[in-house]
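To keep things clear, I will list the structure first and then write my remarks on it.
The values are calculated or read from the model by the stated rules, or taken from the named source; none is laboratory data. Keep in mind that what you see is a predicted model, and the values were worked out from it rather than measured. Virtual Cβ from ideal backbone geometry, glycine too; neighbours counted across all protein chains shown. The protein model used for the area step is the full one, side chains on, heavy atoms only, and it has no ligands, DNA or RNA in it. Shrake-Rupley method; radii C 1.70, N 1.55, O 1.52, S 1.80 Å.
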Amino acid sequence: QVQLVESGGGLVQPGGSLRLSCATSGFTLDAYDIGWFRQAPGKEREGVASIIGANGIRYYADSVKGRFSISRVNAKNTVSLQMSSLKPDDTAVYFCAAGRYLGRDNWTFSNFYNYWGQGTQVTVSS
């Protein structure tokens, strides 16, 4: 059974750093693409970053480029999101999700991901 579980969320001050992890089971990361999404109160879910299973290509939203980094350890079936220089606007519930056949044109679209975790809360506040 496919499962994804996020961890690492919490409260952090503006300018701080936080590392989120996505533990997966039921598939191998070289066969699936993994994305990180976030949803803040009153806002729509948005794509943050994705990593393609077949080749490791990474994509980032313009709002986080240069501050966030997505990585994977295939042997451990884990994907991480390293976040730095955090801003209050980064406050949201963060989700990881798995899909296939993703690329530059569709990685931000939620409907292309088949499996989702339950999310972890990230709050950036002083």
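So here's what we get for this one:
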| item | result |
| --- | --- |
| Quarter of Cα convex hull surface for the range 1-119, i.e. mean projection, nm² | 6.8 |
| Å² of accessible area per residue within the chain, as computed with a 1.4 Å probe and no ligands counted | 52 |
| Computed accessible area, Phe109, all protein chains, 1.4 angstrom probe, square angstrom | 100 |
| Per-residue ³J(HN,Hα) for the range 39-55, Karplus 6.51 cos²θ - 1.76 cosθ + 1.60, θ = phi - 60°, Hz, x for Gly and Pro | 9, 9, x, x, 10, 7, 5, 10, x, 9, 7, 9, 10, 7, x, 5, 9 |
| Length gained when the stretch Ala75-Ser110 is fully extended (0.36 nm per residue, less Cα-Cα span) | 10.0 nm |
| ³J(HN,Hα) computed for each position of the range 105-115 - Karplus, 6.51 cos²θ - 1.76 cosθ + 1.60, integer Hz, glycine/proline x | 7, 9, 5, 8, 9, 4, 6, 8, 9, 8, 10 |
| Isotropic mean projected area of the C-alpha convex hull, the range 78-124 (nm²) | 4.2 |
| At R0 = 41 Å, FRET efficiency that the Cβ-Cβ distance of Gln13 and Ala54 yields, to 0.05 | 0.60 |
| Relative contact order computed over the range 21-68 (Cα-Cα under 8 Å; 6+ residues apart), in percent | 29 |
| Carbon/sulfur fraction of accessible area - the chain, other protein chains in place, 1.4 Å, % | 46 |
| Relative contact order of the chain, pairs being alpha-carbon contacts under 8 Å that are 6 or more residues apart, as % | 36 |
